[in-house]
Structure formats: C-alpha cells, structure tokens
Amino acid sequence: MIDQMMTQAADDVMDQIRTGLALLEEERSAFLTGAYGEIAGICARKGALLDKLEPTIRMAPRNAEILALLNRLIQESRRNEQIIEAARQGLAQARRRVGAIRKAEGGAVAYAEDGTTIACAGDSITEEKSA
C-alpha cells in the first residue's frame, strides 16, 4: 500500500514537472514570437502549477528520474529568465530611443556667444505607409 502511494506520488510529480516544462516552452515561444498577450495567462498557469507541485513533491520519493526532471525544469527556467531579461532590456532601449526621437521633434537648441539659447523647430515625424 505504501509502495503504491509512493509510486503514485512519483507519477504525479513527474506529470506536474512535465507540465511545467511544457509551460516554459510555451512561455519561451510567446516571447520569441512577440505574442506578449499570452504571457499573463501562462504565468497564471505556472503559479497554479507551482501551488500544486510544492505539496506533491514533498510526498514523492527522490529517484533519479524525478531529480533529472527537476534539474531540467531549473535549466529551462533559467533559459527563460535570460530571454525575459533580454526582452526587458530591448523594451527599455526602445523606450529610450522613442524618447530621444520625441525630444528631437522639439527641435535643436544651440547656444549663442552671450549664453542665450537659440531654438530651431524640428519637423514632426509622421508615419507613412509605402505602396
């Protein structure tokens, strides 16, 4: 009876870890394809899975297969963390660039010999579609 419970607990943990691996792949794909609207849902599902995994893993035996899956889960999580950080940096850089463009739309400022500023109005940037 105890062996059967341990086997069931091990199977449950492995299923949950595999689900976690699939969610990490889905998350990675969403970031790499720009499907940012899917990320909140994926994160919610990851959180729910972790809530289930934590108590289940305490009951499962520590066998080589479970440990290998856990190590893979950790590696894939770190991989996604790097992708998320790169996306965050890219967005921050894009924000800075858009800010610089908007600032340039206001025109250039130069200083005269007497220290007063001379402003030159810039052109407005408009979006044009090519034929």
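For the reader, a short list of remarks on this structure follows.
- Residues being free of Cβ contacts under 8 Å to residues at least 40 places away in the same chain and either touching a Phe, Trp or Tyr at 6+ places or on another chain (Cβ under 9 Å) or closer than 25 Å to ARG18 by Cα (or both) - total across the range 69-115: 8
- Between THR33, THR19, THR56, THR7, the distinction of being at pLDDT 90 or above and more than 22 Å from ARG88 (Cα to Cα) belongs to THR19 only.
- Scan of the range 51-67 for residues that are of a type in the set (S, T, N, Q) and over 28 Å from the mean Cα position of the chain (by Cα), ordered by number: ASN63
- Residue within the range 52-61 that is within 26 Å of ALA9 (Cα to Cα), assigned to a helix (DSSP H, G or I) and among the β-branched types (Val, Ile, Thr) present: yes
- Where a residue in the range 16-31 is in contact (Cβ under 8 Å) with a residue 12 or more places away in the chain and its partner, wherever it lies, is surrounded by 17 or more Cβ atoms within 10 Å (Cβ to Cβ) and acidic (Asp, Glu), with Cβ under 9 Å and at least six apart: GLY20/GLU76; LEU21/GLU76; LEU24/GLU76; GLU25/GLU76; ARG28/GLU76
- Number of the exception - THR116 against (1) closer than 17 Å to ASP12 by Cα; (2) more than 25 Å from the chain's Cα centre (by Cα); (3) open to solvent by 70 Å² or more (accessible area, probe 1.4 Å): (1)
- For the range 23-40, the set of residues classified as exposed (fewer than 12 other Cβ atoms within 10 Å of the Cβ) and part of a helix (DSSP H, G or I) consists of LEU32, THR33, TYR36, GLY37, ALA40, listed by residue number.
- Tabulated pairs, the range 37-52, first closer than 11 Å to GLN16 by Cβ and without any contact (Cβ under 8 Å) to a residue 60 or more places away in the chain, second of a type in the set (Val, Ile, Thr) and open to solvent by less than 80 Å² (accessible area, probe 1.4 Å), C-beta under 8 angstrom, 6+ apart or interchain: LEU49/THR19
- Within the range 19-51, the residues that satisfy the criterion of being acidic (Asp, Glu) and either in contact with a helix residue (DSSP H, G or I) (Cβ under 6 Å, 6 or more places away or on another chain) or more than 15 Å from ILE83 (Cβ to Cβ) (or both) are GLU26, GLU27, GLU38, ASP51.
- Residues in the range 82-124 that are assigned to a helix (DSSP H, G or I) and of a type in the set (Val, Ile, Thr) were compared, and the one that is farthest from PHE31 (Cα to Cα) is ILE101.
The values are calculated or read from the model by the stated rules, or taken from the named source; none is laboratory data. These figures come from a predicted structure and were not determined experimentally. In this analysis, Cβ positions are derived from the backbone assuming ideal geometry, glycine residues included, and neighbour counts consider all displayed protein chains. Just so you know, the surface numbers come from the protein's heavy atoms only, side chains and all, with ligands and any DNA or RNA stripped out. Shrake-Rupley method; radii C 1.70, N 1.55, O 1.52, S 1.80 Å.
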